[in-house]
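Step one of this worksheet: look at the structure below.
Just so it is clear, none of the values below were taken in a lab; they were calculated from the coordinates. Source: prediction; values computed, not measured. With ideal geometry, Cβ positions are generated from the backbone for all residues, glycine too; neighbour counts draw on all protein chains shown.
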Amino acid sequence: MTPDEIKAFLQQAKEDPALIKRDTDELDDILLGVIKLEKKHLYGTGTTSANRRREQIEKYLDDALQDFVEGE
Amino acid sequence: MILKQLKLVDFRQFYGDNDIHFAWEGEKNVTLIHGENGVGKTTILNSILWCLFERLNSDFERPNDLINYEAAREGKNTCRVELYFVHDKLDYLAQRHHVKEGKNPFRVYKIENYNFREMPLPEQFIGSILPPQMANYFFFHGEGISSISDRRSGETFRRAIRDILGFTFAEQAIDDLKKVKRGYSKKAEEIYKRNDAARKAAQAKSEAEDRLIKLQESIDTLDTNIAEEDARFDDLSQRLSASGNSDANRIEGDLRATVKRVADTQKALRDCHLERQNLIFKYGWAVFGTELASKGLDFIDDSTLKGRIPSPYQEAFVRDLLEAQECICGRELHAGTAEYEAVVSLLEKANTAIINQRVMKARSAAAYMEGQAQAFLDEVNSVERKREELETRLRTEQEAEHSLQQELHEIDEEEIQRLSKAFDHCRKRRDELWTQHGKIQSDIEVARSQIETFKRELSKHGVHDGYLQRLNRYQELIDEMISRCQGRLQEVEESSRSVIAQTVNSILRKFSRKDYAIRVTEDFIFYLVRDDGEMVAKSSGENLLLNLAFVASLIDMAKMRENAQGDFLVPGTVAPFVIDAPFGELDETYKGATTAFLPGTARQMVLLLSSSHWKGTVDDAIKSSVGYEYLLVSERRAEQGEKPDDIIEIGGQQIAQSIYGAERDITSLRKIQ
């Protein structure tokens, strides 16, 4: 994509954010789940510790990956 | 986030209540705040940062003395900053208090019909509107940024682009995923410990993983050192070029090109060595197994020739004879007789479908190994030929480099000889660093290969343990997630880099006197180049213009990504562009040019200017966009004495910037009508 095409695409995406949603699979959804947890913890600076964040991510991954592997 | 009002209460130079109303509607979106050095311009910028993020710029002096000195003398032990802003058409108030030797409580209120409703998790809320990492670029200290084309700044600018694109969560996720994966790996090691052979492999794998982490850290440090040497090299090169000696200029140009060629060839050689090493990892088993395979194949062929493999008897044929109780020679075969036993013994050697299959497999495996060994030799020979060519080329290029250096050294000028020596020293240091780099890179490949080998070995041991298999699978899936995350970040970074370069170029085309363009390397180093692609040394003014254009393009990018919800990046944002001392090193023309493009870059702009920034073309260029204008007035108890009047002229008004014989030593705000 040329810079102009990228800019035009971003402009369109401003009006329709769904455009920048990708075709995702189950593993992408798990990854987004991790990022949501990061967002929750990092925006709340001073309210949660790095260890607590990691514990929650590990717990989430335990469940999510178990479901994923069982579905394979 | 659009700022409406800032209230400073006993904060730093500002005694009592001090209010600044910001321009934010329509085309008059600029607020100008005039003030000479030391009266509080930087304090205003920092007060906003402190209020929202409890953060101050690193060059902000005495960061712990926040309470106004006069207020403290009167016994006050608190101060506060309040910021009224609009977000998504709703009004908010952010308020941070400072209590001497205490905490700095922070609250955010939503304002509806004059009711103030306190928001839960105020830091989280502010972070969701303006992520702290992006804030640095919106609240910008114009003189605090280093040279944009400095290699040392490459990482800073990459970081800036990553911050403005909202990489924070994804990068943190990568880091956390690596740690969670290590946790699964440790759990798996505990299980392996139950089995002696597996324990050894698990331990070896763990050691190799630790080694790999250390090696990667070493290579990161080396990369930084190399970037520093490269920056020094560029600096020396520019100084030589600016020496005014025509011979030195010519030699410098040739030398820079030759050094680049040498570096490229050295890199190709390093890649060549790595390629050869990878070939050994890829084919090593086949090469060392070739003799065995060859013997095995000879044995199979020999036995086949002698009719031993496959056996001349089919199992089914021998069983038919036993069932018929008659041999093909006509003898009767009864159980217990010597003839019967002789025919039964043939069953042990008789040919079956499985044996046939095994012979075929052994033959094809042995043939494959022989073929792989040949492929290995062919590829090694090809790599070797490439290496020889590169080494020859390197020798020629190094000779050319040496002779240019000699030529440079012979110029009978003290300064050039000094630069020439420094140049030579710098080049040698770079070579040493690259040699170390190559060695560590090679060790990294070895560690990676060892980890893979141990992993294969361990997977054999854990084949019957479901939990262990699951732990191993989890690690694979985490690797896949990390790789997807990194891939997407890189994709976004690359496409954004070109957009940002284009925006910077369009600003330069409009506002720079010279016909230059920007080139951004993969390492995010920004070069100013002429039409013919040749790099040009920039004046400090051009550097500053470039910096401002770069930051403006970042803000533009953040604005474009405002609605990027749902993606794994943080959405962009709209926020005010607050710039302290933006025009320090710009001459009149560039000041005018910069003032002309800045208001268009952000929805709201606050400029903090001293009279040296203000005089001249700035007023004409910006006055149509100015909504509010303030002057920071220095009030002093001391009498004026011999000091001259300190007057500034704004919009035709003559206004005193310093007041003597005042009640207190403070800074006050005066709104310009």
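Structure notes:
- Relative contact order of the stretch B:29-91, taken over Cα pairs closer than 8 Å and 6 or more residues apart, is 23 percent.
- Within 10 Å of the Cβ of each residue in B:500-507, the mean number of Cβ atoms contributed by other protein chains is 1.
- Where N is the number of residues in the stretch B:363-466, Cα Rg divided by 2.2 N^0.38 Å: 1.90
- In terms of the mean number of neighbouring beta-carbon atoms within 10 Å, the peptides B:318-327, B:19-28 order highest first as B:19-28, B:318-327.
- Interchain or long-range residues, amide H under 5 Å from B:Gln640's placed H: B:Gly661
- Placed amide H near B:Gln604: partners under 5 Å, 5+ positions off or other chain: B:Phe577
- Put simply, the amide H of B:Glu326, placed in the peptide plane, has neighbours under 5 Å in B:Leu333, leaving out anything fewer than 5 places away on its chain.
- Per-residue mean of C-beta atoms belonging to partner chains within 10 Å, peptide B:166-175: 5
- Members of B:Lys181/B:Lys460; B:Lys386/B:Lys439; B:Lys200/B:Lys460; B:Lys28/B:Lys510; B:Lys260/B:Lys428 lying beyond 18 Å, as alpha-carbon distances in this model show: B:Lys181/B:Lys460; B:Lys386/B:Lys439; B:Lys28/B:Lys510
- Take each residue of peptide B:130-140, count the partner chain Cβ atoms within 10 Å of its Cβ, and average: the result is 1.
- 5 Å binning of all Cα-Cα separations within the stretch B:23-118, expressed as whole percents from 0 upward: 3, 11, 17, 20, 20, 15, 10, 4, 1
- For the stretch B:210-276 and the stretch B:617-673, distance of Cα centres in Å: 51
- Shown in residue order for the stretch B:593-598 are the 3J(HN,Hα) couplings computed by the Karplus curve 6.51 cos²θ - 1.76 cosθ + 1.60 at θ = phi - 60°: 4, 5, 4, 6, 8, 4 Hz (x for Gly and Pro).
- Integer Hz, Karplus 6.51/-1.76/1.60 couplings in order for the stretch B:395-407, x for Gly and Pro: 4, 4, 5, 5, 4, 4, 4, 4, 5, 5, 5, 4, 4
- With a threshold of 21 Å on the Cα-Cα distance, the over-threshold entries among B:Lys7/B:Lys76; B:Lys4/B:Lys41; A:Lys39/B:Lys186; B:Lys179/B:Lys455; B:Lys205/B:Lys267 are A:Lys39/B:Lys186; B:Lys205/B:Lys267.
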